[in-house]
Amino acid sequence: MTSATTFPDWHGTTILAVRKGAQTVIAGDGQVSMGQTIVKGNARKVRKLAEGRVLAGFAGATADAFTLIERLETKLEQYPEQLARACVDLAKDWRTDRYLRRLEAMLIVADKSAIFTVTGVGDVLEPEFGVAAIGSGGNYALAAARALMESDLSAEDVARKAMSIAADICVYTNRELTVERL
């Protein structure tokens, strides 16, 4: 079992965020795996929050991720239009609260101007190049998206192509995408 105090090595999903030009996109595959078995192929791991102003994608245990997304929504209500502050506050709670510390999930959240990866070890990381990814296929999607950022493709097209490349490489990633955009 993975401890929430170590950086998790998730198997079973890929979430990718891309911000290019005026567009921000989060894409997530739909595969849910239990061990070596695919139990669902069309799960929705990407959501719109804060009346459509914020996107969130999750990797890890589904119930844990939903708990974190609910907490993030509460923080966004408390700090409207302050995504960074809401994420930092969530990360502090996640790290210090006895119940939350046991949650095994990670989040990527974005608004029109920023992308953040939020982890249970207290990390709130803003990517350097407008691209962030988590999950078992995250590194593949991240590398592909970074390479595609210099092309003429839109943010959504970069995300879709990078996720397709990740699905070619990672057995825990499929092509049933949920793509949300701002």
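Values quoted throughout were computed directly from the atomic coordinates according to the rules given, and no laboratory measurement underlies them. All values derive from a computational prediction rather than experimental measurement. A quick note on method: Cβ atoms are made from the backbone with ideal geometry, for glycine too, and the neighbour counts reach across all protein chains shown.
For each of Val18, Val171, Val32, count neighbouring Cβ atoms within 10 Å of the residue's Cβ, then give the residues from fewest to most. Present the calculation step by step, with values, prior to reporting the outcome.
Working: Val18 35, Val171 14, Val32 18.
Arranged by neighbour count, lowest to highest, Val18, Val171, Val32 become Val171, Val32, Val18.
How about the range 134-182: which GluC sites (Glu not before Pro) there lie in a loop by DSSP and see at most 16 other Cβ atoms within 10 Å? Please report the intermediate quantities before stating the final value.
Numbers: sites: Glu150, Glu156, Glu176, Glu180; in loops: Glu150, Glu176.
Within the range 134-182, the qualifying GluC sites (Glu not before Pro) (loop, at most 16 other Cβ atoms within 10 Å) are Glu150, Glu176.
Mind jotting down the three principal axis lengths of the range 14-181 based on Cα atoms? Whole angstrom, largest first.
Cα spread of the range 14-181 along its principal axes, largest to smallest: 39, 39, 25 Å.
Over all directions, average the projected area of the Cα convex hull of the range 27-99 and note it in nm². Walk me through the numbers on the way to the answer.
Working: hull surface 22.6 nm².
Projected area, direction-averaged: 5.7 nm².
So which trypsin sites (Lys or Arg not before Pro) in the range 30-131 are both in a DSSP loop and have at most 15 other Cβ atoms within 10 Å of their Cβ? Write down the numbers at each step before the final one.
On the way: sites: Lys40, Arg44, Lys45, Arg47, Lys48, Arg53, Arg71, Lys75, Arg85, Lys92, Arg95, Arg98, Arg101, Arg102, Lys112; in loops: Arg44, Lys45, Arg53, Arg98, Lys112.
Those satisfying the criteria are Arg44, Arg53, Arg98, Lys112.
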